[in-house]
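A.B. asks: Mind having a look at this structure? Questions to follow.
Computed from the coordinates by the stated procedures, all read-outs in this text should not be read as laboratory data. All of these numbers come straight from a predicted model, not from anything done at the bench. Here the Cβ positions follow ideal geometry from the backbone for every residue, glycine too, while neighbour counts run over all protein chains shown.
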Amino acid sequence: MRQRYQALKKLPLGVAYGVWSGLGVTAITIIGAIIWGEPLNAIIIFGIALIITGVVLLESPPKPAADSGSDAQTA
């Protein structure tokens with residue numbers, strides 16, 4: 001019997017991949033700036049903010065669609 005990874009018990013594979021990719025890119029960028037003095041300009045910071053926003057949107061549960069069935073208006 002195959003064992004499932006703990007993260008995949010609660011997150012879909014696509015979300016888990018997005019989270020790890022986003023965290024990896026963000027962490028490497030920040031580490032590069034701190035340790036090797038790589039420049040951080042407004043465009044890079046904006047890009048990191050977009051990555052973090054994307055990860056948050058991936059993790060947020062979808063809202064159920066409003067039911068536009070026939071029982072809304074019958075006459």
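A.B. asks: Could you tell me the distance between the Cα centroids of the range 38-62 and the range 12-35, to the nearest Å?
C.D. replies: 10
A.B. asks: So how much slack lies between Ala33 and Val15, counting 0.36 nm per residue of separation and subtracting their Cα-Cα distance, in nm? Could the numbers behind the result be given before it?
C.D. replies: Numbers: separation 18, 0.36 × 18 = 6.48 nm, distance 2.70 nm.
Contour length minus the Cα-Cα distance gives 3.8 nm.
A.B. asks: Pop a pseudo-label 7 angstrom from the Cα along the beta-carbon direction at both Leu23 and Ile45 and give the gap in nm to one decimal.
C.D. replies: Roughly 2.5 nm, to one decimal.
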